[in-house]
Each structure stands twice: as C-alpha cells, then as structure tokens.
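*Asks:* Before anything else, here's the structure in question.
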C-alpha cells in the first residue's frame, strides 16, 4: 500500500510545478493566468493570494465542466489559459493539477511548496476582507498540525 506522500511524489512527476518566485514574477508581469486555490473555503477566507479564486478540491471536477451546479464559468473556460493550482503545502494542488490535465487543461501548474512556501518567500496574502495578512500570523496558521 502506498502512502499519500508516495502518491503525491509519483503524481508530481506527471505535472508541471512552479516555484513561488516564478509565480510572483508571472503576477508582476500581469500574465494571463487563472490562480485556483483548492483549499477549503474557511482556509481560503483566512488567507489567500490576491486575485485567486477558491474552488475546493472536493468539487474541482464538476466546477471545471459546464452543466453542473458547481460549475465555475471562469475555470470551465480556461482550458487553454495558464492555470496555477494552489493549496497549503503543494500536495492537494499537485493532485488537483493532475486531474485538471486529465480533464483537458493544457497549461496547468501546481504551486510547489504551496502557500507555506509563498509565505516563506515573503509574498503578500490577503484575508476575506482583502486586508493584508501578517507573515508571522500566516506562518502559524499554515504550519503543520501534525506533531
């Protein structure tokens, strides 16, 4: 039986991962891309990258297709756009990016190291009120809960 980490490692070999500094550069260059945060809604509301959208991992497949209650029009029409998938650590986003590839998304990437790495790179995040999130508070929230 494989562990989750083993499955993520195998999946990472099948997708493109992007480092936080490369995503920051794309944002600074105003590249046409869609940033999809696949964390749960409460995680997203606490902190996220500005201009990202929240589509929790549990509804990603139906959100990416037309004709479902969960359909997200921006995502469902983004098969030829750069789509950057984001989560806390880069594991859920890795799995989600692989699924999006299977659904026909041509330029999908996963943010390697997730928001933890984004925060370590001292990049800005905002809360649900669009207020800046303090980096130290972000670090505490994003820290692994497993001891």
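*Asks:* I need 4, 105, 141 ordered by Cβ neighbour count within 10 Å, fewest first.
*Replies:* Result, fewest neighbours first: 4, 141, 105.
*Asks:* While we're here: Given labels modelled 7 Å from the Cα in the Cβ direction, how far is it in nm from residue 61 to residue 1?
*Replies:* Computed distance between label sites residue 61 and residue 1 equals 2.2 nm.
*Asks:* Listing 19, 95, 47 from the residue with the fewest other Cβ atoms within 10 Å to the one with the most, what is the order?
*Replies:* With the fewest neighbours first, 19, 95, 47 line up as 19, 95, 47.
*Asks:* Turning to a different aspect of this structure: Rounded, prolate or oblate: pick one for the stretch 20-147, where a ≥ b ≥ c are the square roots of the eigenvalues of its C-alpha gyration tensor, a/c under 1.5 means rounded, and failing that, prolate if a/b is larger than b/c, else oblate.
*Replies:* It comes out prolate by the Cα gyration axes.
*Asks:* Additional query: For the chain, set up a Gaussian network in which alpha carbons nearer than 10 Å are linked by springs, and say which option among 82, 107, 66 fluctuates the most.
*Replies:* 66
*Asks:* Here's something else I'd like to know. For a quick check: sort 83, 8 by the number of other beta carbons within 10 angstrom, fewest at the front.
*Replies:* 8, 83
*Asks:* A follow-up question, please. For the chain, what is the mean residue ellipticity at 222 nm derived from helices alone (per DSSP H run of n ≥ 4: -39500 (n - 2.57); sum divided by total residues; nearest 500 deg cm²/dmol)?
*Replies:* -10500 deg cm²/dmol, from helical runs alone.
*Asks:* May I ask you to derive the relative contact order of the chain, considering only C-alpha pairs under 8 Å and at least 6 residues apart, and to give it as an integer percent?
*Replies:* 28
*Asks:* Normalising by the residue count of the stretch 73-147, find the relative contact order in percent from Cα pairs under 8 Å and 6+ residues apart.
*Replies:* Averaging sequence separation for qualifying contacts and normalising by length gives 27 percent for the stretch 73-147.
*Asks:* If you don't mind, another one. Calculate how many DSSP beta bridges within the chain are antiparallel, expressed in % of all such bridges and rounded to the nearest 5.
*Replies:* For the chain, the DSSP antiparallel bridge percentage is about 10.
*Asks:* Here's something else I'd like to know. Measure off 7 Å from each Cα along the Cα-to-Cβ vector at residue 22 and residue 41, then give the distance between these two points in nanometres to one decimal.
*Replies:* It works out to 3.3 nm between the two label points.
*Asks:* Here is a follow-up. Could you check which residue among 29, 45, 123 shows the biggest mean-square fluctuation in a GNM of the chain with a 10 Å Cα cutoff?
*Replies:* Between 29, 45, 123, it is 29 that shows the largest mean-square fluctuation.
*Asks:* At 0.36 nm per residue, minus the direct Cα-Cα distance, what do residue 127 and residue 10 gain on full extension? Give it in nm, one decimal, please.
*Replies:* 38.8 nm
Read the figures in this text as sums done on the coordinates, not as results from a lab. Nothing here was measured: the structure is a model prediction, and the numbers come from that model. Methodologically, a virtual Cβ is constructed for each residue, glycine included, from the backbone with ideal geometry; neighbour enumeration extends over all protein chains shown.
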